Amino acid sequence: MYTITAASALAENVYEAWISAPHVSRHAEAGQFLVLRIDETGERIPLTISGVDGDLVRIIFMTVGTTTRKLAALKKGDTILDVVGPLGQPTEVKRYGTCVLVGGGVGIACLPIIAKALKTAGNTVIGIIGARNKDLLILEDEMQSVCDELIITTDDGSYGIKGFAAGPLKEICETRPPDAVWVIGPAIMMKVTSGVTKPFGIRTFVSLNPIMVDGTGMCGSCRVVVGGETRFACVDGPEFDAHEVNFDLLMSRQRFYTDEEKESAAHHTGGCGCGGHH
Amino acid sequence: MSDRPADLRVHDFEEVDSGIPAEEAIAEAARCLQCKKPACVDGCPVGIDIPGFIRCIEDGDFRSAIGIIKESNMLPAVCGRVCPQEVQCEGECILGVKDKPIAIGSLERFLADWERENGIEIPELAEKRSERIAVVGSGPAGLTAAAELARNGFSVTIFEAFHEPGGVLTYGIPEFRLPKEVVQAEISEVKRLGVEIRTNYLVGRSLPVEELLSYDAIILATGAGLPAFMGIPGENQIGVYSANEFLTRVNLLHADAFPHHDTPVKKGRSVVVIGGGNVAMDAARVAKRMGADVTLVYRRRREDMPARLVEAHHAEEEGIRFLCCTNPTRILGEGTVTGVEVVSMDMCELDDSGRPSAKPIPGSEYIIPADVVIEAIGQSPNPLLIRMIEGLVREKKGNLLVDESGKTTVPKIYAAGDVATGAATVILAMGAAKTAADAVCRMLTEE
Ligand SMILES: Cc1cc2nc3c(=O)[nH]c(=O)nc-3n(C[C@H](O)[C@H](O)[C@H](O)COP(=O)(O)OP(=O)(O)OC[C@H]3O[C@@H](n4cnc5c(N)ncnc54)[C@H](O)[C@@H]3O)c2cc1C
Ligand SMILES: Cc1cc2nc3c(=O)[nH]c(=O)nc-3n(C[C@H](O)[C@H](O)[C@H](O)COP(=O)(O)OP(=O)(O)OC[C@H]3O[C@@H](n4cnc5c(N)ncnc54)[C@H](O)[C@@H]3O)c2cc1C
Ligand code: SF4
Ligand code: SF4
Ligand code: FES
Ligand SMILES: [Mg+2]
């Protein structure tokens, strides 16, 4: 059992929680994730480790279905039955020169820990964080504190530059090409945004989020195709060379359980008439 | 054996074979010839004194009988149920030449179940010692090694990546063959010996290699969990599973009870399972129990299937269609599976395994409609931890290189079970674990 020591809402449908899990926190590195299972009837879901403080790890998640909703309902003092991690290959941290970190929506959660590691390794770090509107933007202050420069975009122009993060990224590539780029967010955003750096031949990483079960390489649920080869994202990734990733396959596989997810949501929110009470 | 009728059991996950009552066990024991040179014992990989325990059954002394088994086998309730007896103990039994061999597996299971109901005796523990031993993995190999070492007084910790211990016994072999209650009982017994089991610990990550190496001895029992895929076109589509994933979702995470349990699985209307081993049989029978029409595709002949005889027999009884001498060539669909193209196979000259090798017959391709495809074509050791430990040598299929005592190429590190042999059997994993535990004991006490 792992105790939640703090929980709060960061934006509409986006929540943050700190969990006491020393076996995860003590060895976690930038870019890694954990897998948790809330209770006996729960499923296993992967979430990025978005911060570490002593024995505590932080998760930041968007409520999109049954498990994230259950998670959002947990408060300080509540427990989570299972947490395993840190999982996946850490971010390839080294001295690149100038790095641009682009985050979209809840994908921003992954950035501060990577930014910090890259800073410590001697890089200049430029952050670009984007959201649909001002109210959905998360971690602005934290990113401000770990980046040398921070650019903000909103789709509707309610804050920062109006438009997608791809805009400022393209401009940077044209005017002062960086040495490495990370793009983390929804699959479609990663596909489009990482496409920007391709003509410039800039090394670009994305963090893939296929459906996972164990997170340890024993099921193959997380398989993705990178450079024409099938890889298991949980052990070979989650970060891969953006320009080699088959994003269409990723997006297709993310829809594996669309019907079941609807059924589960209905079951838990009372769509079945039981009020989620069985 | 007393199997529940096939038409009943395909609707639930309760055990297929409900075991035999005491009178039947005694009657069966009375058939044993008590051979002077018992061939059955040669067939048992851990050399259980089979006539010895059978004589005790005949005398009605079940307590002594189970004691004899446990001298060589820590998990009799498991082995009695899942050992491929027909090629081991029972395959060698002299009575099998003319008549039916003694049902050794059933007798072993009977005793283990009897003991669980009548109280398990905890063996005496040796005096506590100061050495700490890490066992990685809690499958049959890890549990056996840990129990053996704990009995010898060592302080033993098992690290398990999953949230529940048991390895394949928990996530792979389904309830209807091996009730989880039985597995739990065996695990509690190991805990009662003082073994600590830390779940949610992926060694190499949650426990870094430097910390692992700080133990006085290490036993790697990480199994062969890495699933192989065929590498044919279309296999990354929605609806294609490795057997590992499919079985884990159901056995470990109870996807059969979705949406009451949150883990989903595609139940499928027409399921095609690829393979002919125990894993394929289990996947097929699980799919059947969730309501699908199931076809099993195997590239060699029926008699070449590596599955336990009784499992293949049970699968057929349950209405699973076997298509032998047939191999998939591609999986059809536009993102979601709609069918499997297969080709008929011609049996040719024998290969290294003594089975005929199979060659596709050109032009014999045809399509089987399917909405779920499960590949059960083999597993190899998960390289995650092995790659992190400097000096470990792996053989061709990724199996760890060990000597006859289970010693790896790195000092203090031993390995047992599927990680060293490749996917094998429960009893072989346990036998190897016992050998490795004995070697560790010698290493630490003779220093
Ligand atoms: C390495 C990794 C890191 C991730 N980090 C974060 C994070 O930091 N914050 C965050 O909000 N989300 C993160 N995700 C996605 C997160 O796991 C899913 O949003 C979550 O599992 C949804 O579960 P649900 O039951 O609430 O929703 P559901 O209704 O079950 O699913 C909604 C969608 O989420 C995806 N999903 C469902 N189950 C899984 C699963 N087992 N594994 C992966 N994706 C799944 C599917 O695409 C699905 O369509 C990460 C995913 C991966 C692979
Ligand atoms: C579906 C199926 C059916 C089978 N049916 C039969 C049968 O009928 N009869 C028979 O004799 N055999 C059968 N087998 C084979 C048998 O189960 C295996 O040979 C046996 O379980 C091997 O035992 P093991 O302890 O070596 O490994 P496993 O049982 O695989 O256990 C290994 C454990 O190690 C854990 N692990 C791996 N890496 C790490 C790490 N880095 N850190 C922490 N933990 C880790 C895994 O999570 C797992 O729990 C079957 C196998 C399967 C998959
Ligand atoms: S352990 Fe297996 S092979 Fe040995 S006697 Fe028991 S059932 Fe037979
Ligand atoms: S070979 Fe058969 S008959 Fe002979 S001792 Fe063994 S079980 Fe009994
Ligand atoms: S999640 Fe199972 S192999 Fe990656
Ligand atoms: Mg879900």
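The values are calculated or read from the model by the stated rules, or taken from the named source; none is laboratory data. Quick caveat, the model's predicted, so the values are computed rather than measured. Neighbour counts are summed over all protein chains in view; Cβ atoms, including those assigned to glycine, are modelled from backbone coordinates with ideal geometry.
Scanning segment A:216-247 for residues being closer than 22 Å to A:Pro86 by Cβ and more than 7 Å from every other protein chain (Cβ to nearest Cβ) gives a total of 13. Looking at segment B:1-103, the helices (runs of 4 or more DSSP H) lying wholly inside it that each contain 2 or more residues that are more than 14 Å from every other protein chain (Cβ to nearest Cβ) and either within 22 Å of B:Val310 (Cα to Cα) or within 10 Å of ligand 4 (Cβ to nearest atom) (or both) sit at B:6-9, B:22-30, B:39-43, B:50-58, B:76-82, B:89-92.
Looking for whichever is farther than 26 Å from A:Val83 by Cβ, within 12 Å of chain A (Cβ to nearest Cβ) and under 16 Å from the mean Cα position of the chain (by Cα) here; the options are B:Ala228, B:Ala243. Which one fits? Answer to the check: B:Ala243.
The residues on offer are B:Ala145, B:Ala141, and the sole one that is more than 16 Å from ligand 3 (Cβ to nearest atom) and part of a helix (DSSP H, G or I) is B:Ala145. Restricting the search to strands (runs of 3 or more DSSP E) fully inside segment A:1-102 and requiring at least 2 residues that are within 14 Å of another protein chain (Cβ to nearest Cβ) and under 30 Å from A:Gly130 (Cβ atoms) gives A:33-37, A:45-48, A:82-87. Before we move on, is B:Arg308 touching a strand residue (DSSP E or B) at 6+ places or on another chain (Cβ under 6 Å), at pLDDT below 95 and among the basic types (Lys, Arg)? In short, no.
Here's the yes/no breakdown for (1) of a type outside the set (Phe, Trp, Tyr); (2) modelled with pLDDT under 95; (3) buried (at least 16 other Cβ atoms within 10 Å of the Cβ):
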residue	(1), (2), (3)
B:Lys396	yes, yes, no
B:Asp403	yes, yes, no
B:Ile413	yes, no, yes
B:Lys434	yes, yes, yes
B:Ala439	yes, no, yes
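Does B:Glu311 satisfy the criteria of being within 16 Å of ligand 3 (Cβ to nearest atom), among the acidic types (Asp, Glu) and assigned to a helix (DSSP H, G or I)? Yes; evaluated as a whole, the condition is true for this residue. Among the residues of segment B:77-89, is there at least one that is in contact (Cβ under 8 Å) with a residue 60 or more places away in the chain, more than 16 Å from ligand 5 (Cβ to nearest atom) and closer than 21 Å to B:Val195 by Cα? Yes - at least one qualifying residue is present in segment B:77-89. In segment B:267-286, of all residues being within 14 Å of chain A (Cβ to nearest Cβ) and part of a loop (DSSP other than H, G, I, E, B), the one that is nearest to ligand 6 (Cβ to nearest atom) corresponds to B:Lys267. All of B:Asn152, B:Asn200 fail the test of being within 19 Å of B:Ala437 (Cβ to Cβ) and of a type in the set (S, T, N, Q), apart from B:Asn152. Comparison of B:Leu202, B:Leu169 shows that the only residue that is aliphatic (A, V, I, L, M) and more than 16 Å from ligand 3 (Cβ to nearest atom) is B:Leu202. Within segment B:361-403, the residues that satisfy the criterion of being outside any helix (DSSP H, G or I) and more than 30 Å from B:Val272 (Cβ to Cβ) are B:Ile389, B:Glu390, B:Gly391, B:Leu392, B:Val393, B:Arg394, B:Glu395, B:Leu400, B:Leu401, B:Val402, B:Asp403. Cβ-Cβ distances below 6 Å connect no pair with a first residue in segment B:51-73 that is not assigned by TED's automatic domain parsing to the domain that holds B:Asp113, a second residue that is away from ligand 1 (no atom under 16 Å from the Cβ), and a separation of six or more residues or different chains. Annotation: of all residues in segment B:162-221 being assigned to a loop (DSSP other than H, G, I, E, B) and among the small types (Gly, Ala, Ser), the one that is nearest to the other protein chains (Cβ to nearest Cβ) is B:Ser206.
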